[in-house]
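The values are calculated or read from the model by the stated rules, or taken from the named source; none is laboratory data. Since we're looking at a predicted model, the values are computed, not measured. In this analysis, Cβ positions are derived from the backbone assuming ideal geometry, glycine residues included, and neighbour counts consider all displayed protein chains. For accessibility, only protein heavy atoms count, side chains too; no ligands or nucleic acids. Shrake-Rupley method; radii C 1.70, N 1.55, O 1.52, S 1.80 Å.
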Amino acid sequence: MMTMQPVMAAQSDCGSFQLAFYELGALYFKLPQGGYAGIDKDVADELSKRTGCQFQTVLESRVRIWHQMSQQTLDMTVSGIATPEREQFARFIPYFSTRNFLLVSASLPARTHTADGFLAEKNLRVAVVKSFRHGALYDAWLARLREQHRVEEAADFDSVVRLFMAKRVDAFLALPTSLEPLRRKEMANSFVILDWAPSDVVPHGLVLSRQRVPQTSVEIMQRGIRAMHEDGTLEKIYTRYVGAEQARYLLLRAPD
């Protein structure tokens, strides 16, 4: 409780902000009965409850979100990855860390299951979500594939999966938060999961406009996220959607 007191005391000082969600696996998804759920939604709801920050939420594509953030027409978004370019217009508050996996067609031969092996087969293509960052190893690998025009970019993750299922690409990248939903679908036997970057740690966090979100509000949200980490709330949220084992992985090197 002591860690929460500074946050609660600052409730009335936070403000109201437009927050954009995007659909991606267990992070944010539509429920069969209507409405939305997911890790990002629960984190935002809990943060608002603790800090008094008010979030006016909208659903957008990831491409439009980053465009709006760069143009300073959107206050904030969720589960974003910091890059030097993005840090020019946004501040980041990490709340989980993870890494990407490559999912390749189960029909591909074993020789394609390495980065160099995949590159060597000139007819193989990969799909990614436009504007996503995937960690140092995968981004460097994708840059080489882009030089050969072998990367298909889609507006969202569902479109990436459709490209794969239509056999227009041979592989795609996915976070662990997207793997469980895929395993439960009929396509579960159509891919092999490859872990090429086991040492990668890619922090994901709230993304706050430098121009539109005051520093005082940033600090209030930072304290709120820290308190949620310290009292186990973040782990409970992650467990709700991806299970206890994966939840512990998401907390690896969580925010200080």
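At a glance:
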{"item": "Subset of the stretch 60-93 that is charged (D, E, K, R) and in a helix (DSSP H, G or I) - its residue that is farthest from Leu251 (Cα to Cα)", "result": "Arg64"}
{"item": "Flag if Arg144 is touching a Leu at 6+ places or on another chain (Cβ under 7 Å), surrounded by fewer than 18 Cβ atoms within 10 Å (Cβ to Cβ) and in contact (Cβ under 8 Å) with a residue 24 or more places away in the chain", "result": "yes"}
{"item": "Whichever residue in the stretch 96-124 is crowded, with 17+ Cβ neighbours inside 10 Å and in a strand (DSSP E or B) and, among such residues, is modelled with the lowest pLDDT", "result": "Thr98"}
{"item": "Filtered residue count, the stretch 126-150, keeping only those that are more than 20 Å from Glu85 (Cα to Cα) and touching a strand residue (DSSP E or B) at 6+ places or on another chain (Cβ under 6 Å)", "result": "3"}
{"item": "Residues satisfying the stated conditions in the stretch 214-239, i.e. more than 18 Å from the chain's Cα centre (by Cα) and surrounded by 23 or more Cβ atoms within 10 Å (Cβ to Cβ)", "result": "Ile220, Met221, Gly224, Ala227, Met228"}
{"item": "Residue among Asp256, Asp156 that is open to solvent by 50 Å² or more (accessible area, probe 1.4 Å), at pLDDT below 90 and either among the aliphatic types (A, V, I, L, M) or in contact with a helix residue (DSSP H, G or I) (Cβ under 7 Å, 6 or more places away or on another chain) (or both)", "result": "Asp156"}
{"item": "Gln56 vs. criteria surrounded by fewer than 19 Cβ atoms within 10 Å (Cβ to Cβ), at negative phi and either in contact with a strand residue (DSSP E or B) (Cβ under 7 Å, 6 or more places away or on another chain) or among the aliphatic types (A, V, I, L, M) (or both)", "result": "yes"}
{"item": "Residue in the stretch 42-56 that is over 23 Å from Leu182 (Cβ atoms), in a strand (DSSP E or B) and touching a Leu at 6+ places or on another chain (Cβ under 9 Å) present", "result": "yes"}
{"item": "Residue satisfying all of: in the stretch 159-169; in a loop (DSSP other than H, G, I, E, B) and among the aliphatic types (A, V, I, L, M); modelled with the highest pLDDT among these", "result": "Val169"}
{"item": "Test set (1) touching a residue at least 60 places away in the same chain (Cβ under 8 Å); (2) out of contact with any Leu (no Cβ under 9 Å at 6 or more places or on another chain); (3) open to solvent by 60 Å² or more (accessible area, probe 1.4 Å); (4) more than 23 Å from Glu85 (Cα to Cα) - Pro203 fails condition number", "result": "(4)"}
